[in-house]
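Where a number appears in this text, it was derived from the coordinates with a stated rule and is not lab data. Since this is a predicted model, take the numbers as computed values, not measurements. Neighbour counts run over all protein chains shown; Cβ positions are idealised from the backbone, glycine included.
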């Protein structure tokens with residue numbers, strides 16, 4: 001199984017917090033977020049990990065190296081001097097992608113089994129993607145997904161429709177053939193692809209049961225740091 005982490009963003013919403021530090025290396029729970037992510041991927045059965053890097057990418061390379069410290073085979077793809085968008089970053093890394101792969105984001109922490117969307121996609125050859133979703137109901141961010149059974153039937157950002165009560169959880173399994181359709185000269189976001197796939201009935205839904213965390217804002221960063229500190233305190237209490 002291959003996992004791809006999109007970690008090339010500029011982190012503009014974090015202001016001075018990420019001025020000189022790559023967003024994925026910001027500390028939460030006493031360690032860089034990327035360390036937590038890589039450990040969760042390894043625990044979910046992944047060994048092959050591709051990091052798509054851009055802004056301050058040299059810091060990411062220096063920290064993670066070849067991945068051996070995490071039990072991983074870690075490789076890198078460079079976004080280049082201009083932002084490519086999330087789908088554009090995958091298109092630029094096309095030669096490195098497996099026929100099916102999991103993609104997640106460098107600012108997310110997801111307390112679930114990252115392999116579930118990829119296993120679901122491989123079990124359903126009629127689908128082009130399997131997306132993890134969470135019944136958010138507007139609680140942790142604005143919901144953007146409507147599901148029916150095991151399908152995403154609508155993916156729409158900014159909607160006020162109460163039927164859109166789930167949210168893109170942050171782990172998406174894709175087929176490489178889908179990324180081959182992305183125009184190399186026209187950077188775009190994965191959200192555009194997801195909206196089209198939902199309309200075409202080619203996007204499956206994999207339900208996550210625990211809430212997601214993301215560090216795209218100072219509030220999100222503080223919230224995840226508090227959560228991980230609490231988990232560490234409980235572990236220490238159990239041990240002794």
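Here are some notes:
- 37 °C / 0.692 mPa s Stokes-Einstein diffusion coefficient of segment 69-207, Kirkwood radius on C-alpha pairs, µm²/s: 211 µm²/s
- Footprinting exposure proxy ranking of 177, 96, fewest other C-beta atoms within 10 angstrom first, gives 177, 96.
- Anisotropy class of segment 1-115 from Cα gyration tensor, a/c 1.5 cut: oblate
- Going from the residue with the fewest nearby Cβ atoms within 10 Å to the one with the most, 191, 120 rank 191, 120.
- In the chain, the calculated helix contribution to ellipticity at 222 nm averages -9000 deg cm²/dmol per residue, counting -39,500 (n - 2.57) for every DSSP H run with n ≥ 4.
- Cα gyration tensor, segment 80-147 - rounded (a/c under 1.5), prolate or oblate: oblate
- Alpha carbon centroid spacing (whole Å) that separates segment 1-39 from segment 146-173: 25 Å
- Distribution of pairwise C-alpha distances over segment 184-240, 10 Å bins, in %: 17, 24, 29, 19, 10, 1
- Cβ crowding within 10 Å, taken as a proxy for footprinting-reagent exposure, orders 169, 109 from fewest neighbours to most as 109, 169.
- The chain: C-alpha gyration tensor shape, a/c 1.5 cut-off, then a/b vs b/c: rounded
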